[in-house]
There are 2 protein chains.
Amino acid sequence: MPGSLPHPSRAEIQLTDVLFALSDPERLAVARQLVDGPLDMAECSMTDPNLPKSTKSHFMKVLREAGVIRNEPNGRRRLLSLRRDDLDARFPGLLDSVLRG
Amino acid sequence: MPGSLPHPSRAEIQLTDVLFALSDPERLAVARQLVDGPLDMAECSMTDPNLPKSTKSHFMKVLREAGVIRNEPNGRRRLLSLRRDDLDARFPGLLDSVLRG
């Protein structure tokens, strides 16, 4: 069964980490896929189909450690969700402007 | 006399490049120093006083190439300015949320 991974608390989320996490086209595409709600990690696709699985895992780690997404165990799978409430509270308007951009 | 440097046109500015340029605390601090108007590059200070001059130049290059700042000759010196109109037109609300964050 997949285990719990560490996530920064709302107060620990740093603006520069969030900007860095969203500064890669593949990572930004992941965030955009989560706008309408959580997704099973297996359903979350990369734009470049040739990316190795390890790169996908690393992207998810950067997004999680920056506080952009949650990555939580869900039975035998993992559920990804956007930390919209936390990001909106910390940096009002940022996520909307990035997801629209 | 300092020469002209290339700048992306408004239409060429990419969201991921802007996010990357602002994802470093020193580069973000440069952008914040330009909020109230252009500054002579020599007056634009780094948070870490021990940064080598080459690092400062590289930061300015990243910001210019991303379309965040203009870096233009001004007599024997260089004038830095924030491309607020261009950024606001391309990514409404982004710059304000980042500068406030």
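The values are calculated or read from the model by the stated rules, or taken from the named source; none is laboratory data. In this text, all values refer to a predicted model and were calculated from it rather than measured experimentally. Positions of Cβ are backbone-derived with ideal geometry, glycine not excepted, and every protein chain shown enters the neighbour counts. Just the protein is used for accessible areas: all its heavy atoms, side chains included, with ligands, DNA and RNA removed. Shrake-Rupley method; radii C 1.70, N 1.55, O 1.52, S 1.80 Å.
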Expressed as a whole percentage, what fraction of the accessible surface of the protein assembly as shown belongs to carbon and sulfur atoms when a 1.4 Å probe is rolled over the protein heavy atoms?
50
Roughly how many debye, to the nearest 20, is the charge dipole of the protein assembly as shown about its Cα centre, given +1 on each Lys and Arg Cβ, -1 on each Asp and Glu Cβ, and no other charges?
300
Accessible surface of A:Ile69 - all protein chains present, 1.4 Å probe, nearest 10 Å²
0
For A:Ala42 and A:Asn74, calculate 0.36 nm times their separation in residues minus their Cα-Cα distance, and state this gained length in nm to one decimal.
10.3 nm
With just the Cα atoms defining each centre, how far is the range B:49-67 from the range A:49-72? Give it in Å.
29
Ignoring ligands, DNA and RNA, the residues of the range B:85-99 whose accessible area with a 1.4 Å probe is reduced by 20 Å² or more relative to the chain alone are B:Phe91, B:Pro92, B:Leu94, B:Ser97, B:Val98
Which value, in Å², gives the accessible area per residue of the range A:11-100 when a 1.4 Å probe is used on the protein heavy atoms?
49
Excluding B:Leu99 itself, calculate the net charge of residues whose Cβ lies under 10 Å from the Cβ of B:Leu99, where each Lys or Arg counts +1 and each Asp or Glu counts -1.
+2
Accessible area drop of at least 20 Å² (1.4 Å probe, protein heavy atoms): which residues of the range B:1-31 qualify, relative to the chain alone?
B:Leu15, B:Thr16, B:Leu19, B:Phe20, B:Ser23, B:Leu28
Hey, got the dipole for the range B:11-100? About the Cα centre, +1 on K and R Cβ, -1 on D and E Cβ, debye to the nearest 20?
280
Expressed as a rounded percentage, what relative contact order does chain B have, with Cα pairs under 8 Å and six or more residues apart?
38
When 1/r is averaged over all different Cα pairs and the result inverted, which Kirkwood radius in Å belongs to chain A?
13.7
Run the 1.4 Å probe and let me know the accessible area of A:Glu43, rounded to the nearest 10 Å².
120
Computed over the protein assembly as shown, Cα set: Rg, Dmax in Å:
18.6, 66
As a test of the formula, what do you get for chain B when each DSSP H run with n ≥ 4 contributes -39,500 (n - 2.57) and the sum is divided by the residue count, at 222 nm and rounded to the nearest 500 deg cm²/dmol?
-12000 deg cm²/dmol
Quick one: which residues, 5+ away or cross-chain, put their amide H under 5 Å from the amide H of B:Ile69? H built at 1.01 Å from N.
B:Arg64, B:Arg83
Accessible-area order (highest first, 1.4 angstrom probe) of the listed residues B:Val30, A:Val62:
A:Val62, B:Val30
Which one of A:Pro38, A:Pro52, A:Pro25 has the biggest mean-square fluctuation once chain A is modelled by GNM with Cα springs under 10 Å?
A:Pro52
